[in-house]
């Protein structure tokens, strides 16, 4: 049982846990079938202390910002822990963004230190606007022995001096997390030590771990879900965190079997991929084997109707469970809308899927489905200490979801106007539409904001896509929307981005315009690509400063037929 009431900071909490669990395995890192490194809690402490001394040798102390830009690996957690012990504020950056986008976030967040992999550092240096790197200490990992580092230094260098942990308070900022895009206004979410410790206390009581448990860190550690459930949570319980440098599907189940994974957190995309793999393996069975599995699945469904019974499920469906290591106890799913059918599929096979809802601005989880009983049609009830209200409901009870509690952020970095919009009298406006049912469960039904959340759990603000389409030929003006914002569907699946264009010649988009739309669209990452374009001949409504009034333009288009209006961009 976690008791964090008297703990002042995340670093202090993990330091206490290390003393208790010093002989336990803390970190395991593997690459395909090879284990790269393994740390006990004592070895983790020694490695993190070295990072703390390294930072302090460069005068990085309280409130100094340390950006971490790495793939999932043990050095990520070691750096984060060393940063906390130095009193620093962490800036976890998304490794999957482009180097240009990452530089833009660093220019906004102004870290004192960047810790990154050698290959990514080379990508950053190739960008024209990499001068921001000159204002910080850059520590690179895994640089070749003969590499010319320039201004950068090796993360692995020897250090001198003695370790000194800097005390922090719960009110101090622990992390600045960027929850959205970079081309528009970056949103640096300031989360305090109190935010994280309160969240850890809540989740630790709802879903306690054992010292023998092993959490498979599949999501990027910069992701809010994995930062809590794949870093802070397991280390507070003395459990082990397993990293895998490659996330190719064929290696996921191999790693789960080899290390006896008990917990993992997934976004819908990965969960869906796993479902497809399981279904493919079931389809390869003979007729009598498939009938036997179907019968045992029905029996397991009946046995677990009230609550999960992992031991029984592993006996009834042993071959399937052995394929996942035979010890998988919980799958945490969130970050985007979860298909109820996918969640039900895994639950019926004896793999409980804990569906949660939250935002980076609320330290990850605001509501959670606690499996008593399992309800895949909702995102659960508010977690203890968190209040949920549905404001301005319509005649069927659907309104905007507001959140209040100690897990809600301090605000956005250097953005008082954005903070004032999001935080109102202690309440966080989520921009999500939902209703509370008679049992107190929250059902999500859409978004009030012109934003989509991909199945991979990424927030995409259409405004951030628009910079990629400046100066289009034969186009007077344009605007990017989430299609479901224009035409609400009442559900959170099948979301798409579309671009509305006003051609120079009324009636249709020219071949040159369409060709350029397609060319620029191909250059975007898959999760940011437009599904199609809409031609609108009328001048867009605008403010006195010529800023497009998005709600008014969307309202104008809402009466159009969606299928007829959107012209696909796929070639």
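The values are calculated or read from the model by the stated rules, or taken from the named source; none is laboratory data. Everything numeric in this text was worked out from a predicted model, so none of it was measured. A quick note on method: Cβ atoms are made from the backbone with ideal geometry, for glycine too, and the neighbour counts reach across all protein chains shown.
Provide a single number: the residues in the range 529-571 that are modelled with pLDDT under 85, surrounded by fewer than 14 Cβ atoms within 10 Å (Cβ to Cβ) and either outside the structural domain of residue 498 (by TED's automatic domain parsing) or part of a loop (DSSP other than H, G, I, E, B) (or both).
Qualifying residue count for the region: 7.
Among the candidates 429, 502, 520, which residue alone is surrounded by fewer than 19 Cβ atoms within 10 Å (Cβ to Cβ), modelled with pLDDT of 90 or more, touching a helix residue (DSSP H, G or I) at 6+ places or on another chain (Cβ under 7 Å) and in a strand (DSSP E or B)?
That would be 429, the only listed residue that is surrounded by fewer than 19 Cβ atoms within 10 Å (Cβ to Cβ), modelled with pLDDT of 90 or more, touching a helix residue (DSSP H, G or I) at 6+ places or on another chain (Cβ under 7 Å) and in a strand (DSSP E or B).
Take residue 82 and decide whether it is touching a residue at least 12 places away in the same chain (Cβ under 8 Å) and over 24 Å from residue 45 (Cβ atoms). Quick ask: steps written out before the conclusion?
Values: touching a residue at least 12 places away in the same chain (Cβ under 8 Å): yes; over 24 Å from residue 45 (Cβ atoms): no.
Taking the combined requirement at face value, the residue does not satisfy it.
I'd like to check something: does the range 179-192 contain any residue that is within 15 Å of residue 58 (Cα to Cα), modelled with pLDDT of 95 or more and crowded, with 20+ Cβ neighbours inside 10 Å?
no
Tally time: how many residues in the range 385-408 are outside any strand (DSSP E or B) and more than 16 Å from residue 192 (Cβ to Cβ)?
Looking only at that region, the number is 7.
In the range 195-213, which residues are surrounded by 15 or more Cβ atoms within 10 Å (Cβ to Cβ), within 17 Å of residue 328 (Cα to Cα) and within 22 Å of the chain's Cα centre (by Cα)?
Hits for the range 195-213 are 207, 209.
Looking only at the range 462-491, count every residue that is crowded, with 22+ Cβ neighbours inside 10 Å and at pLDDT below 80 and tell me the total.
So the answer is 1.
Any idea how many residues of the range 409-426 are surrounded by fewer than 18 Cβ atoms within 10 Å (Cβ to Cβ) and in a strand (DSSP E or B)?
Qualifying residue count, the range 409-426: 1.
Just checking, how many residues over the range 310-319 are touching a helix residue (DSSP H, G or I) at 6+ places or on another chain (Cβ under 7 Å) and either in a loop (DSSP other than H, G, I, E, B) or modelled with pLDDT under 90 (or both)?
The qualifying residues number 1.
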